[in-house]
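Please read the structure below before turning to the comments.
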Amino acid sequence: MFLVSPIGISEDHEGNIYVSDSALKKIFVFDRDGEYIFSFGDDLQRPTGLAIDADRKMIFVVDTVGSKVVVYDLKGKELYSFGKNGDQDGEFNYPTHIFLGQDGLVYISDTLNFRVQAFDINGQFQFKFGKAGDAWGDMSKPKGIAVDSEGHIYVVDSAFETVQIFRKDGKLLLNFGSSGTGPGNFNIPAGIYIDKKDNIIITDSYNRRIQVFRYLRGKERG
């Protein structure tokens, strides 16, 4: 099985790997040894971001061109979808990345609406923040999104080449990273993932590398 334009990747509880291919317009599933198992998502226009809810055995797929999120079971059966093109609450304009928070919410980078939107597990709109601009806290090209164990929301902005950290009310708490090639610098960063130990893993695309950071809670900062 040859992939053409792999974008998103996620793993289920059995170690199977799910990969979105935006050119082939499908989700491909491989076992832990890399052997192809099956594919699904024939109605997707451009699948990008993926997130698996292991407890509910569901996978959330961002359809960027379709301006929606489609939810399947782990066998590829469509369960439901939410979102449509627009700029109102619950609508999308070129959504790209997704993250399932430990708080049970679904966080989505609504890239060309220059904002973040959050939904419950059933796709009901909860809140949003962000706007276009060039000031701290504004967004230019929000891509990767993730949430740490204390509920802080991290947004990778590929155009600003930085990571901005927000509260749920949209207040900017901190940013890190700047343009460059040294440690902690970025060149068109895109994806981000935060694991249960608060390790922050970022794809630094044009520097052709992965960088790993860690969020330190108050007691760890000493």
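Rounded to the nearest 20 debye, the dipole magnitude of region 1-43 is 200 debye, with +1 charges on Lys and Arg beta carbons, -1 on Asp and Glu beta carbons, and the Cα centre as origin. In order along region 126-134, the Karplus-derived 3J(HN,Hα) couplings, from 6.51 cos²θ - 1.76 cosθ + 1.60 at θ = phi - 60°, round to 10, 6, 8, 7, x, 7, 6, x, 10 Hz, and Gly and Pro are given as x.
So for each of 39-51, 56-68 I average, over its residues, the number of other beta carbons within 10 Å; can you give me the resulting order with the highest mean first? Before the final figure, lay out the partial values.
Details: 39-51: 19.5, 56-68: 21.1.
Highest to lowest by the protection proxy: 56-68, 39-51.
Under the combined filter of DSSP loop state and at most 13 neighbouring Cβ atoms within 10 Å, region 109-140 retains these trypsin sites (Lys or Arg not before Pro): K131.
Which semi-axes, in whole Å and largest first, does the equivalent ellipsoid of region 54-188 have when worked out from the alpha carbon gyration tensor as the square roots of 5 times its eigenvalues? After diagonalising the Cα gyration tensor, the semi-axes are 26, 16, 14 Å. This model, with +1 at the C-beta of Lys and Arg and -1 at the C-beta of Asp and Glu, gives region 77-200 a dipole about its Cα centre of some 80 debye. Computed packing ranks the peptides 198-208, 143-153 as 143-153, 198-208, most packed first, by mean other Cβ atoms within 10 Å. Using the structure shown, select from K25/K84; K26/K168; K141/K168; K77/K197 the pairs with a Cα to Cα distance greater than 25 angstrom. Listed pairs above 25 Å: K26/K168; K77/K197. Our compactness index for region 108-222, the C-alpha radius of gyration over the empirical 2.2 N^0.38 Å, is 1.03. Per-residue packing, averaged as other Cβ atoms within 10 Å, sorts the ranges 170-180, 101-111 into the order 101-111, 170-180, beginning with the highest. Overall form of region 1-90: oblate. Here a/c, set by the Cα gyration tensor axes a ≥ b ≥ c, is 1.5 or more, and a/b is not larger than b/c.
Residue order by solvent-accessible surface for V212, V71 is V212, V71, largest first, with ligands and nucleic acids left out and a 1.4 Å probe.
D169: net charge of surrounding residues, Cβ under 15 Å, Lys/Arg +1, Asp/Glu -1, itself excluded? Walk me through the numbers on the way to the answer.
Values: positive: R115, K128, K131, R167, K168, K171; negative: D103, E150.
After counting each charged neighbour, the total is +4.
Each residue of region 110-121 is assigned a 3J(HN,Hα), and the resulting list reads 8, 4, 8, 9, 6, 7, 10, 10, 10, 9, 7, 5 Hz, derived from the Karplus form 6.51 cos²θ - 1.76 cosθ + 1.60 (θ = phi - 60°), x at Gly and Pro. Helix-only arithmetic for the chain: the sum of -39500 (n - 2.57) across DSSP H runs with n ≥ 4, divided by the residue total, places the mean residue ellipticity at 222 nm at -500 deg cm²/dmol. Couplings for region 66-80, taken from phi via the Karplus curve 6.51 cos²θ - 1.76 cosθ + 1.60 with θ = phi - 60°, read x, 6, 7, 10, 10, 10, 10, 7, 6, 9, x, 7, 5, 9, 6 Hz in order; Gly and Pro are left as x.
The values are calculated or read from the model by the stated rules, or taken from the named source; none is laboratory data. Note that the coordinates shown come from a computational prediction; the quantities given were computed from them, not determined experimentally. With ideal geometry, Cβ positions are generated from the backbone for all residues, glycine too; neighbour counts draw on all protein chains shown. Just the protein is used for accessible areas: all its heavy atoms, side chains included, with ligands, DNA and RNA removed. Shrake-Rupley method; radii C 1.70, N 1.55, O 1.52, S 1.80 Å.
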